[in-house]
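Q: Just dropping this structure here.
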Amino acid sequence: MAYKELREIIDKSDNIVFLGGAGVSTESNIPDFRSEKGLYNAVNKYGYSPESLISHSFFVKHTELFYDYYKNNLIYKNAKPNKAHIALAKLEERGKLKAVITQNIDNLHQMAGSKNVFELHGSVFRNYCIKCEKFYDVDFILKSEKVPYCEKCGSLIKPDVILYEEGLDDYVLSSACKYINSADVLIVGGTSLVVYPAAGLVNYYKGNKLILINKSKTSYDERANLVIHDSIGDVLSAVVDI
């Protein structure tokens, strides 16, 4: 019944916005580093929590250890888009989906064909010299021994990823707020809505078609107009003909 209702909502709208979290990527076999297992593995191997390991201060003070964790736990270069990514790209292609706003840093939405993607937390596929701003791709980072340094000026290279203690990009954040505020339908998927400021973006939605798709309950469930506790990939592929 919920699937049928969702299909009808999507069929009638051409102003849909999608806000997604880690659950969208886990279906492409990218583990959630914030999960209980991720926390255990980080503390057991490195002696720090994931939040500490990928914080700005840790990057500055313990750069080598930061990169060891980062390369082994946040980069999944061979991951492929799943059914959720593909369904969203199809909706955009059909003129129904206006924007994808993602907390993920894996580029999978773009690989699936989505064009208007706002990456709240950046991307592992972009890296820059902190001094001269020369661009480096993900392969350069992976091939670097320990800490990557700029070939042009010799300065440290930093991933274009928003670390803990860093603020979100103003343009990306304001664009996300604008699209959500003007959306007819807001689909929120694969997120427990506990990580801020991303979770707070839901508050910018003023419509009456808030749809939450997540395997577990969220604190926003009572505010939603439709809640489906299931796999985001299964749900979207069932209601979007791909």
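The values are calculated or read from the model by the stated rules, or taken from the named source; none is laboratory data. The shown structure was predicted, so the numbers you read here are calculated from the model rather than taken from an experiment. Positions of Cβ are generated from backbone atoms using ideal geometry, with glycine treated the same way; all protein chains shown enter the neighbour counts. When the accessible area is computed, the model is the full protein with side chains, heavy atoms only, and any ligands, DNA or RNA have been set aside. Shrake-Rupley method; radii C 1.70, N 1.55, O 1.52, S 1.80 Å.
Q: Given the conditions (1) open to solvent by 80 Å² or more (accessible area, probe 1.4 Å); (2) in a helix (DSSP H, G or I); (3) among the acidic types (Asp, Glu), and given that residue 51 satisfies all but one, which numbered condition is not satisfied?
A: So the condition that residue 51 fails would be (1).
Q: Something else about it: Can you pull out every residue in segment 22-48 that is among the aromatic types (Phe, Trp, Tyr), over 18 Å from residue 119 (Cα atoms) and open to solvent by 30 Å² or more (accessible area, probe 1.4 Å)?
A: Hits for segment 22-48 are 40, 48.
Q: Let me ask something additional. Six or more apart or on different chains, Cβ atoms under 7 Å: show the pairs whose first residue is in segment 97-118 and closer than 10 Å to residue 85 by Cα and free of Cβ contacts under 8 Å to residues at least 12 places away in the same chain and whose second is in a strand (DSSP E or B) and open to solvent by 20 Å² or more (accessible area, probe 1.4 Å).
A: Qualifying pairs under 7 Å: 110/117.
Q: Could you list all residues from segment 128-168 that are buried (at least 17 other Cβ atoms within 10 Å of the Cβ), in a loop (DSSP other than H, G, I, E, B) and not hydrophobic (A, V, I, L, M, F, W, C)?
A: Passing the criteria: only 148.
Q: Can residue 118 be described as part of a helix (DSSP H, G or I) and in contact with a strand residue (DSSP E or B) (Cβ under 8 Å, 6 or more places away or on another chain)?
A: So residue 118 does not fit the description; no.
Q: Is it the case, given these coordinates, that residue 5 is modelled with pLDDT of 95 or more, part of a helix (DSSP H, G or I), surrounded by fewer than 19 Cβ atoms within 10 Å (Cβ to Cβ) and touching a strand residue (DSSP E or B) at 6+ places or on another chain (Cβ under 8 Å)?
A: In short, yes.
Q: Further question: Looking only at segment 194-210, count every residue that is part of a loop (DSSP other than H, G, I, E, B) and either open to solvent by less than 70 Å² (accessible area, probe 1.4 Å) or touching a residue at least 24 places away in the same chain (Cβ under 8 Å) (or both) and tell me the total.
A: Summing the residues that are part of a loop (DSSP other than H, G, I, E, B) and either open to solvent by less than 70 Å² (accessible area, probe 1.4 Å) or touching a residue at least 24 places away in the same chain (Cβ under 8 Å) (or both) in segment 194-210 gives 7.
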